[in-house]
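First up is the structure itself, then whatever we jot down about it.
The values are calculated or read from the model by the stated rules, or taken from the named source; none is laboratory data. Every value quoted in this text rests on a predicted model; they were computed, and no experiment measured them. FYI the Cβ positions are ideal-geometry reconstructions off the backbone, even for glycines, and counts take in every protein chain you see.
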Amino acid sequence: MSRTLEGRTAIATGAASGIGAATAKRLAAEGATVLAVDLAAEGLDALGDDIATLVADLSDPAAIDSIVDAAETRLGGLDILVNNAGVLPAGAIDELTDEIWEFGITVNMLAPFKLSRACLPMLRQSGAARIVNVGSILSRYGDPGLTAYTATKHGILGITRAMAAELGPEGIVVNCVQPGAIMTGMTRDTFETSPEAVEHYTTKCVLGRIGEPEDIGDVIAFLAGDDARFITGQGIIVDGGLTLRS
Ligand SMILES: NC(=O)c1ccc[n+]([C@@H]2O[C@H](COP(=O)([O-])OP(=O)(O)OC[C@H]3O[C@@H](n4cnc5c(N)ncnc54)[C@H](O)[C@@H]3O)[C@@H](O)[C@H]2O)c1
């Protein structure tokens, strides 16, 4: 395999599980030096010795500084930031408390913005700076019971577009990957306990399956590399055609 990211440095958040873990591994396989960040130490340990790790809770304002410090000292700079960590603030409208909203907004929207802002000095030093945010098909559509999650995922796509417009003149490329239904820590319980949910998504998906984390990590690695140099401000739906049909 060619190593398209040889010599690059990368941060991937939410890398202890699911899409983030697949992304960290793919970036490392492509030759990048990766700092994997998550609040779950156990999952980070499973990434192996080739990937540097940092336990940090992105809902804690102090975490941003600790991640930047670790990038400076352990990576020596930054070319690629993958804002992947996310939570699923769910509930029917009548049950969506302010706390659920604030938690979702903090992790899914504010943390990616704050981390991107804090990493800008390092990204400005890179000749190939990339920010890849992880949205969702719910950055475009809406589902019942997911008003807060849907709003945060619309928000991260908006952040992507505005940041791409502002940072493009500096050569910093910003995109958003929008996964469909993927088997990860966020969804495993549902898919393992609800054959109806599996049936629904596999039937609706024109490729006829639930996605794997690598289906998304591979696209993130593409967007992080030189081949994607002229793509910016885009939301890229990666859902096996789940949302293709009317
Ligand atoms: N799985 C899907 O079907 C699907 C679909 C669309 C979008 N997404 C998005 O993909 C991203 C990755 O989720 P996933 O599906 O791999 O789920 P996951 O639960 O397997 O992974 C999410 C990771 O983020 C970490 N995390 C959560 N809050 C954090 C915080 N405050 N600080 C640090 N780390 C934190 C978790 O510990 C976990 O390791 C999320 O942004 C999610 O919204 C997932």
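Could you tell me whether region 94-108 includes any residue that is touching a Lys or Arg at 6+ places or on another chain (Cβ under 9 Å) and at pLDDT 95 or above? Steps first, please.
First, pick out the residues of region 94-108 that are touching a Lys or Arg at 6+ places or on another chain (Cβ under 9 Å): 108.
Adding the requirement that they be at pLDDT 95 or above leaves 108.
Yes, region 94-108 contains a residue that is touching a Lys or Arg at 6+ places or on another chain (Cβ under 9 Å) and at pLDDT 95 or above.
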The one condition in (1) farther than 29 Å from G168 by Cβ; (2) surrounded by 24 or more Cβ atoms within 10 Å (Cβ to Cβ); (3) small (G, A, S); (4) touching a Phe, Trp or Tyr at 6+ places or on another chain (Cβ under 9 Å) that S59 fails to fulfil: (2)
Selection status of Y141, part of a loop (DSSP other than H, G, I, E, B), closer than 23 Å to Q234 by Cα, at pLDDT 95 or above and among the hydroxyl-bearing types (S, T, Y): yes
Members of region 30-42 found to be free of Cβ contacts under 8 Å to residues at least 60 places away in the same chain and not hydroxyl-bearing (S, T, Y), listed by number: G31, V34, L35, A36, V37, D38, L39, A40, A41, E42
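So if I check each of K114, K153, which one is within 23 Å of G211 (Cα to Cα) and within 15 Å of the ligand (Cβ to nearest atom)? Working first, answer last.
On the way: K114 fails: within 23 Å of G211 (Cα to Cα).
None of the other options fit; the residue is K153.
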Verdict on E42 being more than 18 Å from the chain's Cα centre (by Cα), within 15 Å of the ligand (Cβ to nearest atom) and exposed (fewer than 15 other Cβ atoms within 10 Å of the Cβ): yes
Selection count where residues are within 14 Å of the ligand (Cβ to nearest atom), touching a residue at least 60 places away in the same chain (Cβ under 8 Å) and of a type outside the set (A, V, I, L, M, F, W, C), scope region 117-138: 1
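So that you can scan it fast, the table gives a plain yes or no per residue for (1) free of Cβ contacts under 8 Å to residues at least 40 places away in the same chain; (2) away from the ligand (no atom under 15 Å from the Cβ):
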| site | (1), (2) |
| --- | --- |
| G7 | yes, yes |
| I11 | no, no |
| S17 | no, no |
| A56 | yes, no |
| D79 | no, yes |
| V82 | no, no |
| E102 | yes, no |
